[in-house]
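All remarks here apply to the structure that follows.
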Amino acid sequence: MLIRPKAGILDPQGEAVERALPALGFTGVENVHVGRLIELDVEEESQIESMCEKLLANPLVEDYEVELLTR
Amino acid sequence: MRRVWAPLMRFGVLRFPGSCDEVDALAAARRVGDAELIWHADSDLGGADAIVVPGGFSYGDYLRAGAIARFSPAMEAVIEFAHEGGLVLGICNGFQVLCEARLLPGALLPNANLRFTSRQVHLEVVHTDTAFTRACGAGAGGPATDRLSIPAKHSWGRYYAGEDTLAAIEDAGQVLLRYAPGENFNGSLRDIAGVRNAEGNVFGLMPHPEHAVDELLGGSSDGLKIFESMRLAVEGALA
């Protein structure tokens, strides 16, 4: 699951990273946002949505995307 | 004046692994009534008249502040208690837990300056006619507003709610505390420091009233007004 701050909500972490990049010579960078990645093995895919809604993300302030990889 | 034979009301103060303010909350509650700790794995609230969800870093605050504590057996019991109308106060991490449990509207996000900050803050009491603020102001018939000086210490205290929710809670009088002008160090929307639920029996705030109960420590006992308000509410309901 890829979890990121919802668009429009102040993301000070993203802003701090955005400010740090030009100092290293990386220019022309905008809209930096910092989220988090959660990896897990699950037997029953149908549980994933509910896992995200109840615990892994806070849907009030975060969006999430799920990517399924099969082993 | 309380009659000497009247039983004291009883506070239950939750303790999670990682709580750190539960002992001060217990001491503050004991200034106005009886109080006992409730371990997070216990789903029995021991007949408490009111619950305090204290500050700290419950379960390490992994994932998001308060996200995991919300599913503890004690919190499941607190959610039921709240739905039955019981008084619940959440302080700092406790406020985060109550938001995660959807007992309170909105969410707490990292401070806008990304720093842990510990300082005394001045708060404006927006409404003094509630179960959590009725001892503020000069009491019944006194001024409808008041200022409190109490400490705040957190890194996840930026109150956020969507515009529709903000408008709804303002209209319904659910915003009980605001940071006074110049005091909103964490970037909370509309300077919100404390909100209650629509029913009025659940309240959360980021600053710490339990750390301001004696003028010898920190120069203010304003925090006691929150605990005293709860006592008045419970004893009013029991009378």
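Observations on the structure shown:
- Criterion: within 14 Å of chain A (Cβ to nearest Cβ) and within 25 Å of residue B:232 (Cα to Cα) - qualifying residue of B:169, B:150: B:169
- Flag if residue B:178 is outside any strand (DSSP E or B), modelled with pLDDT of 95 or more and charged (D, E, K, R): no
- Hits in the stretch A:40-58 - residues which are away from chain B (no Cβ under 14 Å) and not in a helix (DSSP H, G or I): A:41, A:42, A:43, A:44
- For the stretch B:1-29, the set of residues classified as at pLDDT 95 or above, of a type in the set (D, E, K, R) and outside any strand (DSSP E or B) consists of B:21, B:22, B:24, listed by residue number.
- Any chance residue A:38 is under 14 Å from residue A:4 (Cα atoms), among the hydrophobic types (A, V, I, L, M, F, W, C), surrounded by 12 or more Cβ atoms within 10 Å (Cβ to Cβ) and touching a residue at least 12 places away in the same chain (Cβ under 8 Å): yes
- Residue check for residue B:124: free of Cβ contacts under 8 Å to residues at least 12 places away in the same chain, of a type outside the set (Gly, Ala, Ser) and either in contact with a helix residue (DSSP H, G or I) (Cβ under 7 Å, 6 or more places away or on another chain) or farther than 24 Å from residue B:18 by Cβ (or both): no
- Condition check for residue A:32: away from every other protein chain (no Cβ under 13 Å), surrounded by 15 or more Cβ atoms within 10 Å (Cβ to Cβ) and part of a loop (DSSP other than H, G, I, E, B): yes
- Test: residue in the stretch B:80-88 that is at pLDDT 95 or above, crowded, with 17+ Cβ neighbours inside 10 Å, within 13 Å of chain A (Cβ to nearest Cβ) and not in a strand (DSSP E or B): no
- Taken together, B:170, B:124 contain a single residue that is within 28 Å of residue B:234 (Cα to Cα) and in a strand (DSSP E or B), which is B:124.
The values are calculated or read from the model by the stated rules, or taken from the named source; none is laboratory data. What you are looking at is a predicted structure, and each value in this text was computed from that prediction instead of being measured. Cβ sites come from the backbone with ideal geometry, for glycine too, and all protein chains shown count toward neighbours.
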